[in-house]
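For reference, the structure is listed below as structure tokens.
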Amino acid sequence: MTESFTSTRADLLAALDGFRVVIDEARARADLILDRPPLNVITMVQRAQMAAVIEELDRRQAIRVIVLRGAGENFSSGGDIPGFMDQTPETLSKLAWNVAALERCAKPVIAAIRGYCFGVGFELCLACDFRILGQSAQLGLPEMRIGMIPGSGGSARLVKMIGIGRAKDMAMRSRRVPAAQAVEWGLALEAVGDDELDAAVDALVGELLNFSPLAQRTLKSVLNGATDSPLHVAIETEGQAFGRLRGSDDFREGVASFKDKRRPKFEGA
């Protein structure tokens with residue numbers, strides 16, 4: 001079903017701008033769909049609304065996995081460029097916080113990408129946990145073409161994912177990276193035919209639902225923290241989380257199912 005999210009932060013979410021949310025509780029899944037075709041341009045209001053909706057979905061126990069995708073042939077061509085001139089420098093300097101809602105979300109988030117995926121559209125995808133591409137996908141940070149730089153975490157995340165050399169090649173040249181090269185560089189899990197993209201995403205959602213929700217969100221936190229922590233700090237964080245999970249019902253069920261040679265039934269506690 002399509003959600004309006006009028007019950008939480010009604011002042012911000014009474015009318016969603018440029019996107020919609022479809023919830024399938026039977027499959028424990030929520031789809032956040034950019035819906036301003038053909039290019040799915042993302043406005044400033046939309047950025048704040050999307051962050052608030054992601055926080056709401058994170059709180060809903062019935063939702064286990066979130067999928068971010070675009071309506072039509074393109075994911076998103078990026079932000080509303082003229083709209084930047086209406087914002088103060090202070091506002092623009094904080095745009096990355098809204099995009100990072102996908103990273104802060106404790107649940108797995110999958111980006112399903114076909115066609116254009118540029119600017120803040122690409123930055124949103126970089127903040128997701130998994131990226132699956134259709135063969136038509138083109139990824140890029142074109143901001144240099146208008147005398148600007150990425151402003152929502154794109155360049156920083158890119159360096160962490162593909163190294164400074166490739167990040168400079170991609171961002172400083174405003175270069176579009178096609179699907180096959182994006183997979184080769186580690187920017188995406190896989191590239192499939194555009195007509196196979198939905199099935200590939202469905203399969204990953206189904207796979208993720210097999211795991212303990214508690215262990216899943218714990219591991220996401222540990223991995224995200226490890227990206228910018230010294231090795232000894234990351235190892236200590238992992239160890240502390242490992243020790244805490246020892247007392248969970250899900251771990252006891254996992255051990256019991258291993259001994260009984262059956263599939264575990266995780267409850268997330």
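In plain terms, the chain from residue 24 to residue 85 could stretch by 18.1 nm, reckoned as 0.36 nm per residue minus the Cα-Cα distance.
Of the beta bridges in the chain, as assigned by DSSP with both residues counted there, near 30 percent are antiparallel. Computed over the chain, relative contact order equals 14 percent, with contacts defined as Cα pairs under 8 Å that lie 6+ residues apart.
Over all projection directions, the Cα-based convex hull of the chain averages an area of 15.6 nm².
Using alpha carbons only, the radius of gyration of region 11-111 set against its Kirkwood radius gives Rg/Rh = 0.97. Put +1 on the Cβ of each Lys and Arg and -1 on the Cβ of each Asp and Glu in region 101-233; which of 154, 126, 213 then has its Cα farthest toward the positive end of the dipole? The listed residue farthest towards the positive side: 154. When Rg and Dmax are taken over the Cα atoms of region 183-269, they come to 16.5, 44 Å. Placing unit charges on the Cβ atoms of the charged side chains and taking the dipole of the chain about its Cα centre, the candidate lying farthest along the positive direction among 170, 74, 39 is 170. Per residue, the Cα convex hull of region 213-260 amounts to 67 Å³. Ranked by how many other Cβ atoms sit within 10 Å of their own Cβ, fewest first, the residues 221, 93 fall in the order 93, 221. Here the extension length gained between residue 161 and residue 207 equals 14.2 nm, from 0.36 nm per residue of separation less the Cα-Cα distance. Dipole check for the chain: with +1 at the C-beta of Lys and Arg, -1 at the C-beta of Asp and Glu, and the Cα centre as origin, the magnitude is about 600 Debye.
Mark the label point 7 Å from the Cα of residue 194 along Cα→Cβ and return the residues of region 103-126 whose backbone N is within less than 16 Å of it. Within reach of a label on residue 194, which here means backbone N under 16 Å from a point 7 Å along Cα→Cβ, region 103-126 contributes 112-118.
With the helix formula -39500 (n - 2.57) applied to DSSP H stretches of n ≥ 4, the chain reaches a computed 222 nm mean residue ellipticity of -13000 deg cm²/dmol. Spherically averaged projected area of the convex hull of Cα atoms, region 87-231: 9.6 nm². One decimal place: the segment residue 148-residue 242 gains 29.5 nm when fully extended, by the rule 0.36 nm per residue minus the C-alpha distance.
Read-outs throughout are calculated quantities, based only on the coordinates presented, and are distinct from any laboratory measurement. Note that the structure is a prediction, hence the values are computed from the model and not measured. Using ideal geometry, Cβ is built from the backbone for each residue, glycine included, and neighbour counts are taken over all protein chains shown.
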